[in-house]
Amino acid sequence: MDMAASKSNGSASGRDLDVVVIGAGFAGLAALHQLRDRMNYSVRAIEAGSAAGGTWYWNRYPGARCDVESMQYSLSISPEVEQEWSWTERFATQGEILDYTQFLVDRLDLAKDIDFNTRVASAVYDESDDSWTVTTEGGDSYRCRWLIMAAGPLSTPNVPDFPGLDSFQGEFYHTGAWPKDQISFAGKRVAQIGTGSSGVQIAQEISKDAAKHFVLQRTAHHIIPAGNRPLHPGEQEEVKARYPELRKFWQTLLGATFYQSLPTDPPLVPGDKSIFDVAPAERQKIFDAAWNYGGYGFQRAFTDVLKTIDASVLAGDYIASKIREKVKDPQTAEKLISSQYFGTKRVIIDKNYYDIFNQDNVELVDVKGDPIDKITPTGIQLQSGRQIDVDTIVCATGFDALTGALTRMDIRGRGGSLLRDVWKEGPESHLGLMVSGFPGMFIIGGPQSCSALANVITANEQQVDWICECITYLDEKGFTSIEPDSQAQADWVEHVNELADATIYTKGDSWYTGANIDGKPRGFLLYVGGYPNYKAACDEIASKGYDGFRLEKAKELT
Ligand code: NAP
């Protein structure tokens, strides 16, 4: 088959394709739709789950809910489709989002081009014809000209290597790979390990009816109210009527998201003042308004709470005062107050996490002061010798973020080099989109892109659009390969690190820095310069004929 000429209508009849997309979460669905229906390429998506949804497919733990407002958490794929779906709450549940992804799959007729229940084992680049061969764990293979990695920034669960884990005789779950069957905590003794976003959400469900609920906390995170509620009448219609204008406006904001539908005093606008430019009483009023309204307006209320230590400390102090008001036992309250700078770990939005610590069946266990020593057949033993006997252990211990989904596959680029080896000292990419030595392989939600620091759906769509334009350009000009110039890539990585160093994000341990995984190289994994600047950088490079990338034609075509 003449691969360069294989652009064809509809889905591929065989296994030789223009594009293979790995993953059918929002990124993969958007890529499949755009490349197949807008650009008429032959495309196949490969998905490990039995249905689409990515993170929302795997994270079906009780209490799972999005932290981006539902009216902004949708693909802008077409003016018709975005009008057809209706949300019920300000922040959607996992179940509703999964229904939305299924709606997209049905509405856009995507399932016929997705191989479900299929996990990719390897992707190998062939220099002789600039193709990629993707092989599944089941042994099937696909050959393509362009490869799109849409395997998710937070999709590889981290199960710490606790000694004795295999000996545990009770039930064991990880929030990021939750079973489809309903799991009951009623009357059970349950230990949860981890108090990040997943842990905070599931804790409120476990504590409802567990006989005893041990919350094993290593580090207290910062938690602010979500202010979740049903969407009020007219709210959804108003946003839908203004979608084009609002989506454009959101894209001018750092996180590509913000909407205030109810009035507050003062109004919540992404702050244009330093926290030190206002008197303490005014600061309190602004924080109160953001706190009561709920959502991430709190961390954007001033320009500097995510930038400087002094400003971040004031935000942390405000939250500490709220915890002391809520939690009756003063010792528990103090343990729940984070000693991290506000914003170093992802700030969590939530409903009533702090309230559960006023219940008799809930105990906060400090596993920084008294770390987990081992798992035993009946529970968890701490280094002090304390044995916590339980029926169920829930690990809410997060993910091998941004790189895990890629390094667990055998991805071989030029000269057979393995991506996992190339990234041994930490990931390097250009724009988070491509890696030097891996021609024709595009990444969505990769390290050194905005990804989870912005409305991730908007960030995904922006990258999909960039990739589509890039492939169109290459095909029109007859190029068969593209990869970053290694100097341009090094410059981008340096730029990303410089931006991060000038913020609060690097002043503590988190999955942003790789610190949550034993042995993972440290380095800031995301672009913190904000969505608009990231998009501008990508657009500028494209407008200059992919400046900083090496474009080549196959030998027989030159
Ligand atoms: P996470 O934020 O990385 O939290 C993991 C938790 O497990 C932390 O409390 C961590 O403690 C603890 N932990 C890890 N290893 C441990 C060990 N060996 N012993 C004791 N504790 C250990 O993971 P996550 O909660 O799954 O959230 C990850 C990201 O996914 C979030 O930041 C967010 O971006 C996304 N997410 C979003 C939502 C939402 O939209 N609402 C919901 C869930 C997840 P340390 O802090 O001390 O490391």
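Per-residue accessible area (protein heavy atoms, 1.4 Å probe) orders K208, K273 as K208, K273, starting from the largest. Dipole of the chain computed with +1 at Lys/Arg Cβ and -1 at Asp/Glu Cβ about the Cα centre; of W132, F26, P157, farthest Cα towards the positive end is P157.
Principal-axis analysis of the Cα atoms of the chain puts helix 280-293 at an angle of about 70° to the longest axis. With a Förster radius of 56 Å applied to the beta-carbon distance between D288 and D16, the computed FRET efficiency rounds to 0.40. Taking all protein chains into account, the per residue accessible area for region 497-537 stands at 40 Å² (1.4 Å probe). A Cβ-based charge dipole, computed about the Cα centre of region 35-102 with Lys and Arg at +1 and Asp and Glu at -1, lands at about 300 debye.
Give me the percent relative contact order of the chain, please, defined on Cα pairs under 8 angstrom at least 6 residues apart. Don't skip to the answer; put the middle values down first.
On the way: 1141 pairs, mean separation 102.5, N = 558.
Once divided by the residue count of the chain, the mean separation gives 18 percent.
Based on protein heavy atoms only, region 116-159 ends up with 37 Å² per residue of surface accessible to a 1.4 Å probe.
The modelled label-to-label distance between S78 and D355, using points 7 Å beyond Cα along the C-beta direction, is 4.3 nm. Measuring r between the beta carbons of Q204 and L418 and using R0 = 41 Å, the FRET efficiency lands at 0.45. Model label points for K322 and E476, set 7 angstrom from Cα along the Cα-to-Cβ axis, are 4.9 nm apart. Note on E428: accessible area approximately 80 square angstrom, rounded to 10, probe 1.4 Å, nucleic acids and ligands left out. With the convex hull constructed from alpha-carbon coordinates only, the chain shows a mean projected area of 25.3 nm² over all directions.
The long axis of helix 531-543 is offset from the longest Cα principal axis of the chain by roughly 10 degrees. Heavy-atom surface analysis with a 1.4 Å probe gives region 351-394 a carbon and sulfur content of 41 percent of its accessible area. Heavy-atom surface analysis with a 1.4 Å probe gives region 296-335 a carbon and sulfur content of 52 percent of its accessible area. Surface composition of region 112-247: carbon and sulfur atoms hold 49% of the protein heavy-atom accessible area at a 1.4 Å probe.
Taking 0.36 nm per residue of separation and subtracting the Cα-Cα distance, what length does fully extending T135 through T264 add?
Working it through step by step, the gained length comes to 41.0 nm.
Accessible surface for region 327-422, divided over its residues, is 42 Å² per residue with a 1.4 Å probe. Computed from label points 7 Å out along Cα-Cβ, the spacing between A515 and R386 is 2.4 nm. Tell me, rounded to the nearest percent, the portion of alpha carbon pairs in region 128-216 spaced more than 15 Å apart. Everything past 15 Å amounts to 72 percent.
The values are calculated or read from the model by the stated rules, or taken from the named source; none is laboratory data. Just so we're clear, the structure is a prediction, and the values are computed from it rather than from any experiment. Cβ coordinates were reconstructed from backbone atoms using ideal geometry, including for glycine residues, and neighbour counts include every protein chain displayed. Protein only, heavy atoms only, side chains kept; ligands, DNA and RNA dropped before computing areas. Shrake-Rupley method; radii C 1.70, N 1.55, O 1.52, S 1.80 Å.
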